[in-house]
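First the structure, in the form of structure tokens, and then the observations on it.
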Amino acid sequence: MKKAVFSLFLMFVMFGISKAAEIVFIDVQTVVNQSKAGKDAQGLLEEAGKKAQAEVEAKQKTVKNDQKGQEEFQAFAIQKQQEVLKRRDELLQKFMKLVQDNLESYGKSKGYSIIIDKQAVLYGKPELDKTDEFLKYFDSNYEKGEKIK
């Protein structure tokens, strides 16, 4: 009998703890696509890609039509592609650090225990989706702070 009462008590305690732990979710892909920081990062990446493409096209016009010239051109094109990929990685790293820092401050300010990416949620009540609220918070902080460069 004592075990049953203790188990029932433990169940109520655990239920109370789980209710106190605020768990919400955010659609990170939406943040990437719709936030000001995400749009800035995408614009910078497109700019780097266009610049590299223009350099490759300009180089192609000056390439000698022999094997050595073709090899040099291919090496140049690969180098430009690697530069664009490196820039993409840098921008992604800066953007994700901004997102993480803002998620932490947002979560603390709201008293959330856990914020989960919506992609990992099999089911969640619509009111637990804080994407729009976080997006406004993130954009506001981004406008006030350092921009992605």
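Assorted remarks:
- For the range 88-111, the set of residues classified as of a type outside the set (D, E, K, R) and surrounded by fewer than 16 Cβ atoms within 10 Å (Cβ to Cβ) consists of LEU92, GLN93, MET96, GLN100, SER105, SER109, GLY111, listed by residue number.
- Unique residue being without any contact (Cβ under 8 Å) to a residue 40 or more places away in the chain, in a helix (DSSP H, G or I), among the polar types (S, T, N, Q) and within 30 Å of VAL24 (Cα to Cα) when the list is GLN70, GLN100, GLN119: GLN100
- Test: PHE76 is at pLDDT below 95, outside any loop (DSSP other than H, G, I, E, B) and either of a type in the set (A, V, I, L, M, F, W, C) or surrounded by 12 or more Cβ atoms within 10 Å (Cβ to Cβ) (or both): yes
- Scanning the range 132-149 for residues that are part of a helix (DSSP H, G or I) and either surrounded by 17 or more Cβ atoms within 10 Å (Cβ to Cβ) or of a type in the set (Lys, Arg) (or both) yields PHE134, LEU135, LYS136, TYR137, PHE138, ASP139, TYR142, LYS144.
The values are calculated or read from the model by the stated rules, or taken from the named source; none is laboratory data. None of these values were measured; they are calculated from a predicted model. When we count neighbours, we look across all protein chains shown, and the Cβ atoms used for this are built from the backbone with ideal geometry, even at glycine.
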